[in-house]
2 protein chains.
Amino acid sequence: MSNTLDKIDTQILDILQTDSNRTTKSIATELGMTTSPIFERIKKLEKEGYIKKYVAVLDNKKIGLKLTVFIGITLQGHTRSYLEKFVKEINNFPEVVECHRVSGNFDYLLKLVVEDIEAYETFIITKLTLLPYLGNVQSLIALSTSKETNKIDLSAVL
Amino acid sequence: MSNTLDKIDTQILDILQTDSNRTTKSIATELGMTTSPIFERIKKLEKEGYIKKYVAVLDNKKIGLKLTVFIGITLQGHTRSYLEKFVKEINNFPEVVECHRVSGNFDYLLKLVVEDIEAYETFIITKLTLLPYLGNVQSLIALSTSKETNKIDLSAVL
DNA sequence: GTTGAAAACGCGCCAGA
DNA sequence: TCTGGCGCGTTTTCAAC
């Protein structure tokens, strides 16, 4: 069980993060191998956690969630126990799809996907601003999105 | 072909955006139905574009891409043709996983996934700052990420 | 919508190299 | 570790209700 990925592994990962419904056979053909080793490698990649899960990617806008917003937050109190509580609360909001602790001009950066401006305001008023020790809050509303993927660049790690 | 989604559709979408390897049978059982209608609905959701694709979600850090960075960018020139060229260039960088045109203190917000601080600096120096008309550039480096998903909140659109 | 069943497909196993 | 092939299970399709 080597701890590192070879070229074939990264090629498999690259294919699966583009389309996880590809059959082992079609992957095998593309990589010039047979199904068995490809199958074994995929299972290994899953078992060792390189592949976390398989998901369907939905069309947010078509479904009715038309607005993406990023919110930069500065906190006034920084006690450890409070930070944990703050993060826990934030993570429980279903509108919040990402929560990062960041360095720079903010303490936290959130990414939200909501229906519209109203839903965004509702979130701010009924959820976010109820949290204590909130300092500066700055929103960046996505007017348009030219790229949005979670396909990461595996060529960098080859 | 109704233009809107009913409760069963959203339940199916919710299941699939959590785990796309669920069989139609297990979904049918969970929702108290038989496989056939579930199968038909899934195909319809795919065909009509509610489901865009199926992908494997990888463990960035385990694979060696340990750093997530958000970059806010202000441009100095705003001619339409330049904006299009700028976006096109940005979208071609494999490190960039998201590019949003935003309102607020920046014109664009990028999300990058790279190996480490060095790779980030390399990106800034050899790619980003070569683009003309670049104004203010501000980076937010993710120190830790407590939530990162693209599972959107379907309860809002029910 | 449901049921049931048949066909096609891909998975997973195994022996062999 | 890869090859190739076979059997099992599932998916998918297609009847009829």
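Working only within the stretch B:74-93, note down all residues that are touching a residue at least 12 places away in the same chain (Cβ under 8 Å) and among the acidic types (Asp, Glu). Residue satisfying the conditions is B:89 alone. Just one of (1) surrounded by fewer than 18 Cβ atoms within 10 Å (Cβ to Cβ); (2) in contact (Cβ under 8 Å) with a residue 40 or more places away in the chain fails for residue B:103. It is (2). Mind checking which residues of the stretch B:79-110 are under 21 Å from residue A:117 (Cβ atoms) and either more than 15 Å from the chain's Cα centre (by Cα) or of a type in the set (Phe, Trp, Tyr) (or both)? Correct list: B:102, B:103, B:104, B:105, B:106, B:107, B:108. Taking the criterion of being more than 7 Å from every other protein chain (Cβ to nearest Cβ) and not acidic (Asp, Glu), the residues of the stretch B:102-113 that qualify are B:108, B:110, B:111, B:112.
Scanning the stretch B:45-73 for residues that are touching a residue at least 24 places away in the same chain (Cβ under 8 Å) and within 16 Å of DNA strand D (Cβ to nearest atom) turns up B:45, B:48, B:51, B:54. Do we find a residue being among the acidic types (Asp, Glu) and surrounded by 15 or more Cβ atoms within 10 Å (Cβ to Cβ) anywhere in the stretch B:119-134? No, the stretch B:119-134 contains no residue that is among the acidic types (Asp, Glu) and surrounded by 15 or more Cβ atoms within 10 Å (Cβ to Cβ). Applying the criterion of being touching a helix residue (DSSP H, G or I) at 6+ places or on another chain (Cβ under 9 Å) and outside any helix (DSSP H, G or I) to the residues of the stretch A:7-27, the residue that is nearest to residue A:53 (Cα to Cα) is A:17. Being among the hydroxyl-bearing types (Ser, Thr, Tyr), over 30 Å from residue A:9 (Cβ atoms) and under 16 Å from the mean Cα position of the chain (by Cα) is a property that holds for residue A:68. Restricting the stretch A:125-154 to residues that are in a helix (DSSP H, G or I) and in contact (Cβ under 8 Å) with a residue 24 or more places away in the chain leaves a set whose member that is nearest to the other protein chains (Cβ to nearest Cβ) is A:154. So how many residues does the stretch B:1-57 have that are surrounded by fewer than 13 Cβ atoms within 10 Å (Cβ to Cβ), β-branched (Val, Ile, Thr) and within 12 Å of DNA strand C (Cβ to nearest atom)? Within the stretch B:1-57, residues that are surrounded by fewer than 13 Cβ atoms within 10 Å (Cβ to Cβ), β-branched (Val, Ile, Thr) and within 12 Å of DNA strand C (Cβ to nearest atom) number 2. Beta carbons closer than 7 Å, at least 6 apart along the sequence or on distinct chains, pair a first residue in the stretch A:15-41 that is in contact (Cβ under 8 Å) with a residue 24 or more places away in the chain and within 14 Å of another protein chain (Cβ to nearest Cβ) with a second that is among the charged types (D, E, K, R) and more than 8 Å from DNA strand D (Cβ to nearest atom) for A:16/A:22; A:17/A:151; A:18/A:151; A:41/A:9.
Computed from the coordinates by the stated procedures, all read-outs in this text should not be read as laboratory data. Fair warning: this is a prediction, and the values are worked out from it, not measured in the lab. Backbone-built Cβ (ideal geometry, glycine too); neighbour counts: all protein chains shown.
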